[in-house]
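Structure first, then comments.
The values are calculated or read from the model by the stated rules, or taken from the named source; none is laboratory data. Only a predicted model underlies this, so the values are computations on that prediction, with no experimental measurement involved. Here Cβ is always computed from backbone atoms with ideal geometry, including for glycine, and neighbour counts include all displayed protein chains. Heavy atoms of the whole protein, side chains included, go into the accessibility calculation; ligands, DNA and RNA do not. Shrake-Rupley method; radii C 1.70, N 1.55, O 1.52, S 1.80 Å.
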Amino acid sequence: MVNGTGLASNYSLGAGQTAAASITPKALTATATAANKTYDGTTAANAALAIAGGLVGAETVTATGTATFNSKDVLAANLVTVNSTTLANGTGLASNYSLAVGQSAAASITAKALTASATAVSKTYDGTTAASAALAIASGLVGAETVSATGTGTFNSKDVAAANLVTVNSTTLANGTGLASNYSLAGGQTGQATISAKPLAITGMVAANKVFDGTTTASLSGGTLNGAVANEVITFSGQTGTFANAAIGTGKPVAVTGLVLASQNAQVSNYTVSAPAGLSANITAPPAAFDLQRFEGAIASALSLLAERPSSGASDGALSDEQLRKLPPASSGVNGLNLVVVGQGIRLPAAPK
């Protein structure tokens, strides 16, 4: 007791009085370390808490907490904030302490890997291994989310004979109901496909007219091969032309067969060639048949006249009218052959064509 208006020494006070009171937990401080995670469609985060200050003496307690990212999406998520804490006994009682929330730490969400299957697209030879492939997402999407995938690839060969497999070497994801940026898709998918030979066309080939000879053979000339891939030089040969029949006629169709391709800087198996269509030519009638009997009769008569002709003083020249009149009836019309007596011989006209 202490003095008041009276002296404390004049009084005594026994012990044992009681009154209600409490001890409040001592506030602690802590730092948070947040863990990165793979995209799962939520903002849930894991954070580790370390007591930074407030413990009494050498006492210890431990702290855990729950936390959330500032976004569920890969591109925006960069910070984790603790939104609840729990203390656990150490050498000190957890109940003697409190730990507020709000600690934060940097962290990120990484894209979730997807798997996909590839369907490769066959193509016509173009001199490259470039390929197209359709990709179908096989697994890895969160919940009911969807994204779509496309890719580029390469054939295992640029050539028709060897190309049979396409490998995807780059992929691109596009938004669906989910964001493409929340996912990743590696390349390497394969699909079977082929390269077909590139068709070439021949222009400018011509079939020649001919005189009837009893055959269907047609002569061909000219022709330019079109459609080869740049810098590849392809030539053709071996072509034969055939009329539909051997009969005389105009504008008769001519079929082309036997075309063979060749090249010194390309594989001809990468190409096919189609015979030019629409060729035609004429087969004309031959000249009137040569009258051999008449010709032989004329020669015999001329030889007879030659025998009658004196050998001396004779001059070369055509048979005279008098001599022609002496020709036998069997050689009538021989004058039209223009036989000429030359010295002791006969000059004959050219045979009709």
Could you do me a favour and compute the accessible area per residue for segment 80-122, 1.4 Å probe, result in Å²?
49 Å²
Mind checking Rg over Rh on segment 1-136, alpha carbons, Kirkwood formula for Rh?
1.51
One finds the C-alpha centres of segment 50-85 and segment 192-224 to be spaced, in Å, by 84 Å
What FRET efficiency comes out for V233 versus V260 if R0 is 22 angstrom and r is the Cβ-Cβ distance? Round to the nearest 0.05.
0.90
Accessible area per residue of segment 150-250 at 1.4 Å probe, in Å²?
51 Å²
For T272, distant residues with modelled amide H under 5 Å away:
K198, L200
How far apart, in nanometres, would the label points at T86 and T224 be if each is projected 7 angstrom from Cα along the Cα-to-Cβ direction?
8.5 nm
Convex hull over the Cα atoms of segment 10-73, averaged projected area in nm²?
8.8 nm²
Contour minus Cα-Cα distance for A44 and I248 (0.36 nm per residue):
64.1 nm
In the structure displayed, which of K210/K252; K26/K72; K158/K198 lie more than 23 Å apart, Cα to Cα?
K26/K72
